[in-house]
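The next block holds one structure in the form of structure tokens; read it before the comments.
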Amino acid sequence: MTRFLIGRALLLVVGLLVASVIIFATLRVLPGDVAQVVAGTQSTPAQVAQLREQLGLDRPPVAQYLDWIGGLLRGDLGRSLVTDGRVAPEIAQKLSVTLPLAAMSLAAALVTGVPLGVLAAVLRKRAGGAVIGFVAQAVAAVPVVWAGMLLIALFAVTLHWLPAQGFPLDGWDEPGRAFAALVLPALTIGAVEGAVILRFTRSATLGVLDADHVRTAAAIGLTRTQALLRHGLPSVALTVLAVLGVQIAGLLVGAVVVEQLFSLPGVGRMLVTDVGRRDVTKVQSELLVLTGLVLLVGFAVDVVHRALDPRQREVAA
Amino acid sequence: MIRRLVARPTGLFAVVVLGLLVVLAAVSLVWTPQDPFRADPFHQWASPSPAHWFGTDAAGRDIASYLLAGTRTTVLVAVGSGVIASVVGIVLTAVGSLTARWVREGTAVLLDVLVAFPTLLTAMLLTAVAGGSLGVVVVSVGLSSGVTIARVARGEIRRIARSDYVTAARASGVGGSGVLFRHLVPNAAPLFTVQLSLAMATAVLAEAGLSYLGYGAGSDTASWGSMLADLQTYIGVHPWSATWPGAAIALVVAALSLLGDAVRDATDPRLTTGDRTGRNRAPAGPGVTA
């Protein structure tokens, strides 16, 4: 286990390094002159040169990269090229919307996907199982934007149960309204991701239903349901956990689109705005924070999976 | 193989929907019921009628014509991403399995790292550099799907290389290229096809997401994604108007991902001989939320 932990942690660090280099290099080397973009088309060459010096862009790329990473380790991500605001506090503040959104989306996806997936597998020979499978296939194919629009149309415009867009200005100081504002966005992501989780759960449960140990348990007197619950579901849970790493990445990225649709002040919407403004210092940090979250979640899921899976424990011993 | 593919309802559905899409895209090159871009301020939000099959939008544009013109963008994005993903995937797989040991292991670590980068973030990175366009969508989906293909293929190639029939072939004197073309390539091909159809499904979803964010198709190109973006503004007044482009995207994505499932079912010898139920398999599904 220790060896596995060290190896996996190394991979995480390498991943973060590669991510930071790719993001930095793509943003600095490819586009030509950042200072020119910031200064605009009306600027004189002298203004551009002054701006370049002011932004530290005249220094070698390696030095700029080390500045960025050094600052990152101290929690300082520099200043916006456009608004001159500090980047780190702004990202931290936006995460207070994006992280709860991702957590609520995950909860919605698990609550719908896992039980329905097991049900679809148990009912595999009946109409019910086929209907669940069909609906999951259809929902998994729906673009998140449209899913969100349908939910807004139903719950906000037609039924008036929930707010259609926006987030309270005071944020979590108004917990009730803040939570209500995140319900529809979380359901949007949760429905689409839940459909994917449903299909993985169904497939894992089907595999377990005919496994020898579950059949034996049924043969020695447990009902099929008891056998499945006690002896089948633990391994289904492990399979679902293994795909969660990828799905949580999907949740965070889905937040980019959903925050835009629901006008939520999260990191995703911030990224979309800053990409439009070509605010390079902000974009590089936002991308690294989002990618870092994805890599961290992948790391955590792998470690938990390893710790819970008795088969892998035996191999390690 | 084609016959086995359409023998399954899911395969038939996929082939019919995708065939129809390509035919409609070809038709749209020479004919649409109306000019998809002609605004008609006197006929905004018209109900479906013989002149406007699916009605008109906020600018009075004919929805049916715009949808039809949008098929071209969908086909272009899916095929373009598929081609790039294939090239990147094959090159990375070759580098990861045919080169010197240290290159192979370096590639393996790099793939482990790169596969974690979400497609949409790659697209945002490239958009920050090059501005939003369909080209950026195609390139970013192609790159990330290519990495995924190579990553998935690595395990499969290793499994095949260790299999008894390859050992037997080696023992009976078949050389490296013989094993490669007679055993590795044909046996890895179904997996490759499955991943490719998923890459194309991802591309269609990513186009919708990025066009929605304003970074995909420009206003001079008809696209289902930008249609969703346009209609979103009127969600309070015409909440159900986005059904056409939304359902069109969902139909194509479902067809592509079912095609992946069906190709696997039709080509996997374990399934065609014994276990026909398709159990013990992970479902295929698009890898992006966009």
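The angle separating the long axis of helix B:185-213 from the principal Cα axis of greatest extent in chain B is about 30 degrees. Quick one: go through segment A:113-132 and flag any residue whose amide nitrogen is under 16 Å from the point 7 Å out along the Cα-to-Cβ line of A:Thr223. It comes to A:119, A:122-123, nothing else. On the principal axes of its alpha carbon atoms, chain A extends 85, 58, 35 Å, with the longest extent given first. Across all directions, the average flat footprint of the convex hull enclosing the Cα atoms of segment A:1-120 is 12.4 nm². Estimated from helices alone, the mean residue ellipticity of chain A at 222 nm is -25000 deg cm²/dmol (sum of -39500 (n - 2.57) over DSSP H runs with n ≥ 4, per residue).
Each principal axis of the Cα cloud of chain B was taken in turn, and the coordinate range along them, longest first, works out to 78, 45, 33 Å.
Summary of packing: across the peptides B:188-196, A:119-127, the per-residue average of other C-beta atoms within 10 Å ranks them, highest first, as B:188-196, A:119-127. With the largest listed first and rounded to whole Å, the semi-axes of the equivalent ellipsoid of the protein assembly as shown from the Cα gyration tensor are 38, 32, 27.
Summarising the label geometry, the points placed 7 Å from Cα in the beta-carbon direction at A:Gln54 and B:Asp164 lie 7.4 nm from one another. Each listed q (0.10, 0.11, 0.14, 0.15 Å⁻¹) maps to a log10 I(q)/I(0) for segment B:88-204 from the Debye sum over equal C-alpha point scatterers, namely -0.36, -0.43, -0.64, -0.72.
Taking only Cα atoms, what is the 0 to 90° angle, nearest 10, from helix A:280-308's long axis to the longest principal axis of chain A? With rounding to tens, the tilt is 30 degrees.
Look at the stretch A:226-233: the mean tally of other chain Cβ atoms within 10 Å of its residues' Cβ atoms is 0. In the protein assembly as shown, a dipole from Cβ-located charges (positive for Lys and Arg, negative for Asp and Glu) runs towards its positive end, and of A:Val18, B:Ala266, B:Ser81 it is B:Ala266 whose Cα lies farthest in that direction. Using a ≥ b ≥ c from the Cα gyration tensor of segment A:188-275 (square roots of the eigenvalues), is it rounded, prolate or oblate, where a/c under 1.5 gives rounded and otherwise the larger of a/b and b/c decides, a/b for prolate? Prolate, since a/c reaches 1.5 and a/b exceeds b/c.
Sort A:Thr291, B:Thr107, B:Thr99, A:Thr2 so the one with the fewest other Cβ atoms within 10 Å of its own Cβ comes first. With the sparsest Cβ surroundings first, the list reads A:Thr2, B:Thr99, B:Thr107, A:Thr291. Oblate is the label for segment B:211-256, because the ratio a/c of its alpha-carbon gyration tensor axes (a ≥ b ≥ c) is 1.5 or higher and a/b is not greater than b/c.
Against chain B, whose longest principal axis is taken from its Cα atoms, helix B:63-98 shows a tilt of about 20°. A Förster distance of 51 Å, applied to the separation of the beta-carbon atoms of A:Arg306 and B:Tyr234, puts the FRET efficiency at 0.55. For the modelled label position 7 Å from the Cα of A:Arg230 along Cα-to-Cβ, which residues of segment A:175-209 have backbone nitrogen atoms closer than 17 Å? The answer is A:209, whose backbone nitrogens lie closer than 17 Å to the label point. All other residues whose Cβ lies under 12 angstrom from that of A:Leu12 are scored, Lys and Arg at +1 and Asp and Glu at -1, for a net of -1.
Bear in mind these aren't lab numbers, they're just calculated from the coordinates by the rules spelled out. All values reported here derive from a predicted model rather than from experimental measurement. Here the Cβ is made from the backbone with ideal geometry for all residues, glycine too, and neighbour counts use every protein chain on show.
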